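Asks: Before I ask anything, let me first share the structure, which is written out below as structure tokens.
The values are calculated or read from the model by the stated rules, or taken from the named source; none is laboratory data. Predicted model only: the values in this text are computed from it and were never measured. Backbone-built Cβ (ideal geometry, glycine too); neighbour counts: all protein chains shown. The area values use the complete protein model at the heavy-atom level, side chains included, leaving out ligands, DNA and RNA. Shrake-Rupley method; radii C 1.70, N 1.55, O 1.52, S 1.80 Å.
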Amino acid sequence: MKESRLAAWRGKNVGIVFQFFQLMPTLSALENVMLPMDFLGAIPLRERRKRALSLLERFGIAEQGGKLPHSMSGGQQQRAAIARALANDPPLLVADEPTGNLDSKTSEGIFAAFKELSREGKTILLVTHERSAGSMVDRSVGIADGLLSDQL
Amino acid sequence: MIRDLRINGRRTFLVVLAIGIGLVGAGAVLDSYSILSRELQKNYLATKPAAASVMAENVDESLLAAVRAIPGIAGAEARRKVVGRIMLPGGEWKPAWYFVVPDFDGQGIDTFLSDKGAWPPADGEVLIERVALQVLPAALGDTVIARIPLGGRTKLRFSGTSYAPGLAPAMMERVVYCFVTPRTFAMMGGRGGLDEIKIRVSGDGLDAAFNRKMGYKAAAVATSSGHALAGVQVPVPGRHPHYTQMMTLLYPLEALGFMAFALSAVLAANMISSIMSRQMKEIGIMKALGGSRARIMGIYYGMVALMGAAALAFALPLAALLGTLFARFAAGMLNFRLYDESIPFAVYAAQIAIGMLTPLLVSSLSILKGTRIPAREAFSDYGIDQRGLGRGALDGILERVGGVSRPLLISLRNAFRKKNRMILTMAALALGGAVFITAMNVNSSLGASIESRYNASNYDIQLKLSKAYPADVALAAARAVPGLRRAEAWGGARVRRVGKDGAADLDFAITAPPYDSKMLSSSTLVAGRWLRPDDTSTIVINQRLALAWPDVGVGSRVSLRIGGADSEWTVAGIVREFLVEPGAYANYLYLSKISGQEGLTKNIVLIADDRGKAAEVGEKVEAALVGVGVDVAEFDDLATFIEAVREHLLVLALALAAITLMVVVVGGIGLTSSMSANVLERTREIGVMRAIGARTGTILGIVVSECAIIGGLSWAVAVMVSWPVSAFLTDRFGMMFFESPLTFAVSPLGLIVWIGLSVVFAAMTGFIPALRAAKMPVREAIAYE
């Protein structure tokens, strides 16, 4: 597939959560969540703000919606990033070390959020170094030196 | 450091190019200026300029001997200048000045040289000044037809060209300079002897007061020996009469050349700042390895100095080449020879100093700032650069912007994200735009001024008669010619102002239209009022005359010598006229009465039914006048005159266009590098947008809009800056070149073209790096450093 079509496919089917949050620095948290909806155009224009607000509310950061990323804490930023990943309601969520940059207490909250999403039927593909995560997931695969090593 | 410059070859090349082009602009101006000012002076002094000229009747050998005998006078020669006409058989009449020279080989004052062909001319032959051939396209050996007032048509052989650098360039004056012997002059019907004594004083001749004193002593000798005196002229000593004109030719180019240089300095600052922002890791590593800040600064200053030296390496010879070419061109325009095209060492030294110091100076801020960063911070750069908007008032406004899509919001806010770079980019683009728009405005003002001059004159043709003729006879003959809407008979006189010491100075024309004339508009009054029917000893002077008389204003009384008698006049008003000689207006009835020319006329002024056919109708009127015995000395056709001026200014327009082109190139380079730096820095951000579903088109849209926003804003700044600059330049330019301010006109084309260029160009420069970033696989883009 071409890069452009791949992008569109991702927008619809995959939500991505990065280790360093990767929020757009010039957009507020709310605007960041609305951005993928603007890109894909699947959600009607009028509903985008309402949907973005409800996603932020779900992760407990609705009050931070008007803030720019640099004035939010790491945990708040990662919650906003998860909200953004869910913007177009994709069936698959890919998370690359989502807690690698957070303290353990905040990490727990993030894992809890993933767990809840999984219960709602979302498929979540998570890459992490945190051994404790193993107890929360349905299936885990180890990778060592680039090779699938074993099922944990 | 050298390796770093080489690895980033393209970026280094752009910085060097930007600095270099600016240096070429400034250097070429400096080089041509140094050559021209030296050579113009050399040419002028080589003509052995007269310290003063005494206008007196029938100058003969005994008078010359008496003048030479005055202590303090080193030499005296007689000449005569007669205003007439010349044409090629079957061609059109051109205005001509006939210089009657008794001894071609023995000239010692206000000399002119042989150029090609015969020297001296034989009787029945004429020498023509070399650049006057641009006015009269004759070839050596051609027969030309010469006419002077009250003389018939005389066929003369064009036997050689002369070179007279002391005279105003013929093509600028649109006059054919002809040199003839006294016997040829007599063959042409010339009456009377020589009428001008040119004197040279002892010493260097640079003391204006002494020159003046000697001039008046010579005049006193002429008067006491019974030669009627018309006046004494004392030119500014040691200065070519067209020195100012040359400076004017250089003036807009100088201004624009230095603006181009400023532009390149801003660009260099901008590019170096972007280089520094990408050197953070390197600086951190060097600091971690124990490099002191001073040491690291030394490395970057060394890098900038190296780029300055590289720019100089190509700018210095290129500037010298362009400067010399321009000097040749300007010398050609002003009709003087470049005996020596060398550029003084000091001028090279100045360019080297500017070339080395400017880049160091403009890069200081970013080098100081960049090397201040602590090692820890230099390494802690990860993820998307989280510096979003700042805390200023503008940031507050930007943060509150709503009602637009998020991609457009990103464009808008990103444009203002790195304010220093944004300001530099804007400044560079705005400066470029200001130069461009200024050049266009000056050009447009020139056009508008010529147009307004054409429209302010309500007549098409002016026939200057050889002497005063009965007005009713001349008018009746003229009015019988078909195709004429209106004809008027004007009076006029050549007059001189008489000073307190009784000496007459500058010679100028008073034009005296009838009180009900429809052919002069008073719309160009700048002070006082226009003539009233009952005005008697009242004149209205034009701005050029007002400039020559700094002590005179509205209400001043001046003493004028008209036909040998002095009379007192009051200045009632000042009119602004463009492209005219210094002159004044008076009422016909009064002027003709005091000059003893009641019922007589010296000018027939015409309006044709069809302006396009004015010249044709004018010629028929001249034939009709000749038929009734009225001799026409000069034929002034306004349309031809305007056309000549327009052609003449074309050269200037081309020089302005060249500068403009340079600015567009420098601006383009700067913009490209600045925009690509902007986009490169955000490669990771673009990768993230791709990851969350942005299509290539969307990303291109975001980047291109951001660039277009910067382009559009810079245009607004450019317009604001260029307005006062071009108004000032236009004014100075008009005053120096035409001794009258030009009509300021804004060039809509300049404004439109520049907004097109800046927005489209800005968008294009963002497009290519954005496309490259968008095409990069997401994984790579996110990992990009």
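Asks: With the checklist (1) open to solvent by 50 Å² or more (accessible area, probe 1.4 Å); (2) part of a strand (DSSP E or B) in hand, flag the one item B:C178 doesn't pass.
Replies: B:C178 satisfies every listed condition except (1).
Asks: Is one or more of the residues making up the stretch B:391-401 open to solvent by 60 Å² or more (accessible area, probe 1.4 Å), at pLDDT 80 or above and of a type in the set (A, V, I, L, M, F, W, C)? Break it down into steps so the answer makes sense when it comes.
Replies: From the stretch B:391-401, those open to solvent by 60 Å² or more (accessible area, probe 1.4 Å) are B:391, B:393-394, B:397, B:399-400; that's our starting set.
After this cut, where a residue has to be at pLDDT 80 or above as well, the list is none.
Looking for residues that are open to solvent by 60 Å² or more (accessible area, probe 1.4 Å), at pLDDT 80 or above and of a type in the set (A, V, I, L, M, F, W, C), one finds none in the stretch B:391-401, hence no.
Asks: I've got another one for you. When the stretch B:674-707 is examined, which residues are found to be among the polar types (S, T, N, Q), more than 10 Å from every other protein chain (Cβ to nearest Cβ) and open to solvent by 10 Å² or more (accessible area, probe 1.4 Å)?
Replies: Of the stretch B:674-707, the ones among the polar types (S, T, N, Q) are B:674, B:676, B:678, B:683, B:696, B:698, B:705.
With the extra rule that they be more than 10 Å from every other protein chain (Cβ to nearest Cβ), the set shrinks to B:674, B:676, B:678, B:683, B:705.
Listed by number, the residues that qualify are B:S676, B:N678, B:S705.
Asks: Could you pull out the residue among A:E57, A:E31 that is under 18 Å from the mean Cα position of the chain (by Cα) and open to solvent by 50 Å² or more (accessible area, probe 1.4 Å)? Walk me through how you get there before you give the answer.
Replies: On the way: A:E31 fails: open to solvent by 50 Å² or more (accessible area, probe 1.4 Å).
Result of the check over A:E57, A:E31: A:E57.
Asks: Another one. I want to confirm something. Restricting to the stretch B:470-501 and keeping residues that are surrounded by fewer than 23 Cβ atoms within 10 Å (Cβ to Cβ) and within 34 Å of the chain's Cα centre (by Cα), which single residue is modelled with the lowest pLDDT?
Replies: Filtering the stretch B:470-501 for residues that are surrounded by fewer than 23 Cβ atoms within 10 Å (Cβ to Cβ) and within 34 Å of the chain's Cα centre (by Cα), the one modelled with the lowest pLDDT comes out as B:G499.
Asks: What are the residues in the stretch B:405-447 that are within 14 Å of chain A (Cβ to nearest Cβ) and either farther than 26 Å from B:S676 by Cβ or open to solvent by less than 40 Å² (accessible area, probe 1.4 Å) (or both), if any? Talk me through it step by step, then tell me what you get.
Replies: In the first step, residues of the stretch B:405-447 are kept if they are within 14 Å of chain A (Cβ to nearest Cβ); the result is B:405-419, B:422.
Within the stretch B:405-447, B:R406, B:P407, B:L409, B:I410, B:S411, B:R413, B:N414, B:A415, B:F416, B:R417, B:M422 qualify.
Asks: Turning to a different aspect of this structure: Checking A:R49 against (1) open to solvent by less than 40 Å² (accessible area, probe 1.4 Å); (2) within 12 Å of chain B (Cβ to nearest Cβ); (3) in a helix (DSSP H, G or I), which single condition isn't satisfied?
Replies: Every condition holds for A:R49 apart from (1).
Asks: Could you say which residue among B:R337, B:R328 is free of Cβ contacts under 8 Å to residues at least 24 places away in the same chain and under 30 Å from B:T111 (Cβ atoms)?
Replies: On the way: B:R337 fails: free of Cβ contacts under 8 Å to residues at least 24 places away in the same chain.
B:R328 is the lone residue from the list that is free of Cβ contacts under 8 Å to residues at least 24 places away in the same chain and under 30 Å from B:T111 (Cβ atoms).
Asks: Something else about it: Could you give every pair whose Cβ atoms fall below 6 Å, whose first residue belongs to the stretch A:15-44 and is without any contact (Cβ under 8 Å) to a residue 40 or more places away in the chain and at the interface with another protein chain (Cβ under 7 Å from one of its Cβ atoms), and whose second residue is surrounded by 22 or more Cβ atoms within 10 Å (Cβ to Cβ) and assigned to a loop (DSSP other than H, G, I, E, B), counting only separations of at least 6 or pairs across chains?
Replies: As it stands, the answer is A:F39/B:G693; A:F39/B:A694, since those pairs meet every condition given.
Asks: Quick one: would you say A:G11 is under 22 Å from B:S411 (Cα atoms) and among the small types (G, A, S)? Don't jump to the end; show me each part of the working.
Replies: Values: under 22 Å from B:S411 (Cα atoms): yes; among the small types (G, A, S): yes.
Yes: the conditions hold for A:G11.
Asks: All but one of (1) touching a strand residue (DSSP E or B) at 6+ places or on another chain (Cβ under 9 Å); (2) touching a residue at least 60 places away in the same chain (Cβ under 8 Å) hold for B:Y515, so report the exception by its number.
Replies: Tallying (1) touching a strand residue (DSSP E or B) at 6+ places or on another chain (Cβ under 9 Å); (2) touching a residue at least 60 places away in the same chain (Cβ under 8 Å), B:Y515 fails exactly one: (1).
Asks: Could you tell me which of the residues A:P90, A:P98 is under 17 Å from A:L23 (Cβ atoms) and either among the hydroxyl-bearing types (S, T, Y) or touching a strand residue (DSSP E or B) at 6+ places or on another chain (Cβ under 8 Å) (or both)?
Replies: Numbers: A:P90 fails: under 17 Å from A:L23 (Cβ atoms).
Every option except A:P98 fails the conditions.
Asks: Determine which member of the set B:K217, B:K287 is modelled with pLDDT of 80 or more and not β-branched (V, I, T). Write out each step before concluding.
Replies: Working: B:K287 fails: modelled with pLDDT of 80 or more.
It is B:K217.
Asks: Could you check how many residues of the stretch B:752-785 are under 16 Å from B:S676 (Cα atoms), among the small types (G, A, S) and within 12 Å of chain A (Cβ to nearest Cβ)?
Replies: We begin by selecting, within the stretch B:752-785, every residue under 16 Å from B:S676 (Cα atoms); these are B:758-776, B:781, B:784-785.
Now narrow it down to the ones that are among the small types (G, A, S): B:758, B:762-763, B:766, B:770, B:773-774, B:781.
Narrowing the set further to residues that are within 12 Å of chain A (Cβ to nearest Cβ) leaves B:773-774, B:781.
Going through the stretch B:752-785 one residue at a time, the tally reaches 3.
Asks: Please tell me if A:T99 is more than 10 Å from chain B (Cβ to nearest Cβ) and crowded, with 21+ Cβ neighbours inside 10 Å. Before you say what the answer is, go through the steps one by one.
Replies: Working: more than 10 Å from chain B (Cβ to nearest Cβ): yes; crowded, with 21+ Cβ neighbours inside 10 Å: yes.
It is true that A:T99 is more than 10 Å from chain B (Cβ to nearest Cβ) and crowded, with 21+ Cβ neighbours inside 10 Å.
Asks: Right, something else. Are there strands (runs of 3 or more DSSP E) fully within the stretch B:520-594 with at least 2 residues that are at pLDDT below 85? List them.
Replies: It comes to B:525-528.
Asks: Restricting to the stretch A:52-68, name every residue that is in a helix (DSSP H, G or I) and of a type outside the set (A, V, I, L, M, F, W, C).
Replies: If the condition is that a residue be in a helix (DSSP H, G or I) and of a type outside the set (A, V, I, L, M, F, W, C), then A:S54, A:E57, A:R58, A:E63, A:Q64 are the ones that fit.
Asks: Here is a further query. Restricting to helices (runs of 4 or more DSSP H) lying wholly in the stretch B:404-487: which have 1 or more residues that are under 30 Å from A:F39 (Cβ atoms)? It would help to see each step written out before you state the result.
Replies: Working: elements: B:406-415, B:419-456, B:471-479.
Filter on the stretch B:404-487 gives B:406-415, B:419-456.
Asks: Residues of the stretch B:108-133 being under 19 Å from B:R85 (Cα atoms) and either surrounded by fewer than 16 Cβ atoms within 10 Å (Cβ to Cβ) or of a type in the set (G, A, S) (or both), which ones?
Replies: Listed by number, the residues that qualify are B:D123, B:G124, B:A132.
Asks: Do the conditions hold for B:I710, that is, is it open to solvent by less than 20 Å² (accessible area, probe 1.4 Å), within 14 Å of chain A (Cβ to nearest Cβ) and either within 30 Å of A:V17 (Cβ to Cβ) or part of a helix (DSSP H, G or I) (or both)? Don't jump to the end; show me each part of the working.
Replies: Numbers: open to solvent by less than 20 Å² (accessible area, probe 1.4 Å): yes; within 14 Å of chain A (Cβ to nearest Cβ): no; either within 30 Å of A:V17 (Cβ to Cβ) or part of a helix (DSSP H, G or I) (or both): yes.
The answer is no for B:I710.
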